[in-house]
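The next block holds one structure in the form of structure tokens; read it before the comments.
The values are calculated or read from the model by the stated rules, or taken from the named source; none is laboratory data. Note that the structure is predicted; figures quoted are calculated from it, not measured. In this analysis, Cβ positions are derived from the backbone assuming ideal geometry, glycine residues included, and neighbour counts consider all displayed protein chains. Surface accessibility is based on the protein's heavy atoms, side chains included, excluding ligands, DNA and RNA. Shrake-Rupley method; radii C 1.70, N 1.55, O 1.52, S 1.80 Å.
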Amino acid sequence: MNAPASKANVKRRRTLQFFALAGVTAISLAASTAMLNLLADRYATRVDVTATGEQHLAPRTTQLLSQRSGSSQLIVAADFRTIDPRARQYLTDVTDEIAARSREFSATLIDTGSTRGVSDFKSTIATLVQRDKAILDAHASAIEAGSQSATSVSQTLSQSIEPQFASLAQAGFATPTLRTYANQAVAVVRLRASDLTDAAVRVRQQLTPDDLGLPRLDEAQRTLLERMDQAASDLSALARDVRRLSQDAATPSQATQQLTAMATQLEVARDATLASLGKLRELRRPDLLRVAAALRTGAAALLVGPPGGDGASSLVALELGQLLPSGAWLDATEASRGDQRRRVEELVAAALASVLAPSKPIVVFTHAELRAFMDEAPVIDAMRERLGLRGVDFVEWPVVTQDAPAIAEVDPTLSRPLVYVVISPDSAARSETGAMSGTQRAAKLAQTITTLRERQSNMLVCLLPSMLPGFGEKDPIAVAIEAFGVNARTGTPLLTRVTTPQFTYVENERVVQATDAGEHVIASAVRGLPTYLTWCVPVELASDSRGWSGSPVLTTPAETQTWGESQWLRVYQTPREQVPLIPDQPKFDEGRDVRGTGGAWTLAVAMERETHRAVVVGSNSWITDKYSQQMGTVEGRKTLLI
């Protein structure tokens, strides 16, 4: 009896020991798993085992992620039925890797090709509008106050000042000169009163939210600025003229007192208008307004950062066509998967850097033409739009007619960083009678470059060939950039001999596709991208660096049929389509022309000295819409050239 009982007890104890051991093991595994998950969240480690390192984030991106404080979200809304699967994969590869490195980053892809996607997109925008509601309402209130001021000034003009001028014109004591002036003043006052009333009506319409919940604040502000600026100018002129008439001995004594009172009224109306203008110009444009045009298209790529000190979202837009390029573009570039992925990463990293920036920079388009022309003859609208989407404002500075750029118009506090884009003038251009010649304007721009360098201003200098070296003189702009440790051969631009069944001629335009650029961040960004350049000036790092360190950004092979031509002016002054018809085409001359050395011509360099930066590009037309937005042929395929 005891033996069987003993065996049962032993079996029971073994069973209990087994389950106890199993329980301890399970608890240990659970604890270990929890601990590993915790460590993984805190110390995420991803190993890139690809041969090209394509799953490895660039150091700049890693540094940006380490500097972040607060969440950020990339929102990409597009009809993915029209998107090349490769482009989408490159994007998700990058966003997945960034999200793995930073728990504060997330990406949302919305397919607007579906009914639910359209609804999700509108819901996302509504969330952004609600998030920025306080600052949008404050912006709208400031514009409404400006509109009320415009209405008040309009009423003063139509109900008080216009009748007084009309009465003066009909007065029996009025001289012919006074009567003529009073009639003219009636017309001016009536026009300005009508303009201001019309502006107030339009502003009310523009302040009404659209289907996205966004009022057209930019349009409303622009309407008031234009109408009130014109009114202030005319009121100032009228006040000055009326005051002068009131003090003129030829003015009838019966009119003197009335004119004096009218001059005071005009000055009060002018001052009220100028005060409203000042407040309107000081308005800080919310980031959400910058991307409103992109949002209204129904397809957009936005990076939403953490709210700023004023409660508004830090928000930038990315160009959807660059983030998700077409299949034709991907085929034409023939860049590797790693290169394409790095290009997308650079776009996202640039957007991250933009939302991190406490204040967005201002680009100062600096040139030596005889007058400002960007608004009258827009030639770089694509660049301006691209900069605007990232919160970067644009100011034009014609150094010949303007001593300094009008920065205060876009930055009243003068606290934002400036980047000067300097465009060389055409030294061979014919001058207007009495105006500065091309060489004089080049000298003026060279002085500006020197002044900016001495102030340690960051610059992008775009060069053009100069005819001065051909006459034994130095190009002042080339001399100015020597201080950056850069030598520019502006007297010998690159020409390439081309042979067709019909002609043998020289070509100055070229498509440069950088595949083996330097390690500079700009070089990495343009790797694999075709760039259209005209009248290329070779640039090289000088033996005397002047304390600057430099890196090539863009190069082109030094082929046998390409050389630096000293006698280029005739080709330059001939319309491009007629160049093949030129007799005695230029040929390489050993005594005066230049051959490439080292296997490549350098066409752009990036220079640094401590915190001071300068980029020199040996072409000045590449940023214009004519070249940056056209389709070209690269290795037999059509592609958008940059």
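In whole angstrom, the range 88-157 maps to an equivalent ellipsoid with semi-axes of 43, 16, 10, each derived as √(5λ) from the alpha carbon gyration tensor and ordered largest first. Packing order of peptides 82-93, 481-492, highest average first: 481-492, 82-93 (average count of other Cβ atoms within 10 Å over each peptide's residues).
Expressed in Å, the radius of gyration and Dmax of the Cα atoms of the range 337-487 are 17.5, 57. If R0 equals 51 Å, the separation of the Cβ atoms of ARG81 and VAL419 corresponds to a calculated FRET efficiency of about 0.85. A Förster distance of 22 Å, applied to the separation of the beta-carbon atoms of LEU191 and ALA372, puts the FRET efficiency at 0.25. Can you tell me how the range 233-344 classifies by the Cα gyration tensor, rounded, prolate or oblate, using a/c under 1.5 as the rounded cut? In terms of gyration-tensor shape, prolate.
Using a 1.4 angstrom probe on heavy atoms only, work out the carbon and sulfur share of the accessible area of the range 192-257 in %.
Details: 1420 of 3290 Å².
Using a 1.4 Å probe with all protein chains present, the range 192-257 comes out at 43 percent carbon and sulfur.
Quantify, in whole percent, the carbon and sulfur part of the accessible surface of the range 362-413 (1.4 Å probe; protein heavy atoms only). Here it works out to 49 percent. With both labels modelled 7 Å from their Cα along Cα-to-Cβ, the LYS474 to ARG430 distance reads 3.2 nm.
Write out the GluC sites (Glu not before Pro) in the range 220-311 meeting two conditions: DSSP loop, and at most 16 other Cβ atoms within 10 Å of their Cβ.
On the way: sites: GLU226, GLU267, GLU282; in loops: GLU282.
Here the GluC sites (Glu not before Pro) that fit, given the DSSP loop and packing criteria, are GLU282.
Extension gain for LEU283 to VAL268 (0.36 nm times residue separation, less C-alpha to C-alpha distance): 3.1 nm. Starting from the 7 Å offset along Cα-to-Cβ, what nm value, one decimal, do you get for the label separation of ALA145 and VAL410? In this crude label model, ALA145 to VAL410 measures out at 2.5 nm.
Converting phi to 3J(HN,Hα) with the Karplus coefficients 6.51, -1.76 and 1.60 and the offset θ = phi - 60°, the range 257-267 yields 5, 5, 5, 4, 5, 5, 4, 5, 4, 5, 5 Hz in sequence order, with x at every glycine or proline.
Sorting HIS520, HIS56, HIS612 by accessible area puts them as HIS56, HIS520, HIS612; the probe is 1.4 Å, largest comes first, and only protein heavy atoms count. Taking N as the residue count of the range 46-168, its C-alpha radius of gyration divided by 2.2 N^0.38 Å amounts to 1.90. Taken over the alpha carbons of the range 363-447 as equal point scatterers, the Debye sum produces base-10 log I(q)/I(0) values at 0.11 Å⁻¹ of -0.33.
On the protein heavy atoms, probe 1.4 angstrom, tell me the percent of accessible surface of the range 67-176 carried by carbon and sulfur. Walk me through the intermediate numbers first.
Values: 2530 of 5270 Å².
Roughly 48 percent, rounded to a whole number.
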